[in-house]
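S.K.: Please see the structure below; I have some questions.
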Amino acid sequence: MNVMVMAGTKDAANIIKKLSSTKKFNILATTTTHYGADIAKAAGADEIISKGLTLEELVEVIKTNDINILIDATHPFAAIATHNAIKSSKITGIKYLRFERPLEDLKENDLIHETSSFEEAALKAAELTKDRVLHLAGVSTLNPIIKKIDSSRLFARVLPSVDSIQKCIDLGIKQGNIIAMQGVFSKKFNKILFEEYNISLIITKESGETGGTLSKISAAVELGLDVILVTRPEVAELENNDIFTDLNEIVDFMLKIT
């Protein structure tokens, strides 16, 4: 069976690894970065496309590779990718499955401020503090923030890739304010980092356990820092599709229909 996994996340890598181990699937992984491609390859993908695909390109790839099932394991904030995945599945008549990271169970706290966009997050951050702000939501969401927060007090923790660091510089982030490191960090580590950089507010997004959302927020709250939490975008088309929040369940489902 030919399976396309829209990848680029740790979740996708785990799905690819589990499917590959069964020896029952030919796996084509798509990612938007070379970094994501390396992860997918290491996980066991048979073929990889490492560039962003338009709807038309996605349809063509599905047809050319005779794909039977599309598994959308893209980031919860990749709403356009999910929209295109659903639409391309309908156009080509193949099965669409969505892996969705479970939401964290966050306790209500006056320090946590939810927003529905990064534009709104930037405005809220500018309103709440004139001191140092740490952006923990990825380099792709930095642009709206730097438009409202002066670069002298904006810090960004990003992946230690040349592309990520260069994008920060291109956006105007000072090199000394770029914290390049990879991993899901513990609450203890985050607390030390926030204190070391004298941060007064963090901006993060609702990425779930895989994205380390809870450890970031817990660390900030314990230090008395304001937290701007950008909530997940809603994709209306998902309502009528199969959604899985457990990696083993989606693999079991795949094995049953093989």
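The values are calculated or read from the model by the stated rules, or taken from the named source; none is laboratory data. Being a predicted model, the structure only gives us computed values, none of them experimental. We place every Cβ from the backbone using ideal geometry, glycine too, and count neighbours over all the protein chains shown.
S.K.: Could you please find all residues in the range 194-214 being part of a helix (DSSP H, G or I) and either buried (at least 19 other Cβ atoms within 10 Å of the Cβ) or within 21 Å of the chain's Cα centre (by Cα) (or both)?
M.R.: 194, 209, 210, 211, 213, 214
S.K.: Give 63, 10, 41 a once-over and let me know the one that is surrounded by fewer than 19 Cβ atoms within 10 Å (Cβ to Cβ) and at pLDDT below 95.
M.R.: None of the other options fit; the residue is 10.
Every residue, every condition in (1) under 30 Å from residue 54 (Cα atoms); (2) outside the structural domain of residue 60 (by TED's automatic domain parsing); (3) touching a residue at least 60 places away in the same chain (Cβ under 8 Å), yes or no:
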| site | (1), (2), (3) |
| --- | --- |
| 87 | yes, no, yes |
| 91 | yes, no, no |
| 98 | yes, no, yes |
| 107 | no, yes, no |
| 116 | yes, yes, yes |
| 119 | yes, yes, no |
| 123 | no, yes, no |
| 129 | no, yes, yes |
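S.K.: Which one of these is of a type in the set (A, V, I, L, M), in contact (Cβ under 8 Å) with a residue 12 or more places away in the chain, farther than 21 Å from residue 35 by Cβ and not assigned by TED's automatic domain parsing to the domain that holds residue 132: 199, 243, 217, 203?
M.R.: Residue meeting the stated conditions: 243.
Each row is one residue, and each column tells you yes or no for (1) charged (D, E, K, R); (2) under 23 Å from residue 212 (Cβ atoms); (3) in contact with a helix residue (DSSP H, G or I) (Cβ under 9 Å, 6 or more places away or on another chain).
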{"site": "32", "(1), (2), (3)": "no, yes, yes"}
{"site": "52", "(1), (2), (3)": "no, no, yes"}
{"site": "79", "(1), (2), (3)": "no, yes, no"}
{"site": "92", "(1), (2), (3)": "no, no, yes"}
{"site": "99", "(1), (2), (3)": "no, yes, yes"}
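S.K.: Do we find a residue being assigned by TED's automatic domain parsing to the domain that holds residue 9, in contact with a Phe, Trp or Tyr (Cβ under 7 Å, 6 or more places away or on another chain), in a helix (DSSP H, G or I) and modelled with pLDDT of 95 or more anywhere in the range 131-146?
M.R.: No: the range 131-146 contains no residue that is assigned by TED's automatic domain parsing to the domain that holds residue 9, in contact with a Phe, Trp or Tyr (Cβ under 7 Å, 6 or more places away or on another chain), in a helix (DSSP H, G or I) and modelled with pLDDT of 95 or more.
S.K.: I'm trying to understand the selection: among the residues of the range 143-194, which are of a type in the set (Lys, Arg) and touching a Lys or Arg at 6+ places or on another chain (Cβ under 7 Å)?
M.R.: Correct list: 153 only.
S.K.: For residues that are part of a loop (DSSP other than H, G, I, E, B) and at pLDDT 95 or above, scanning just the range 153-184, find the one that is farthest from residue 128 (Cα to Cα).
M.R.: 181
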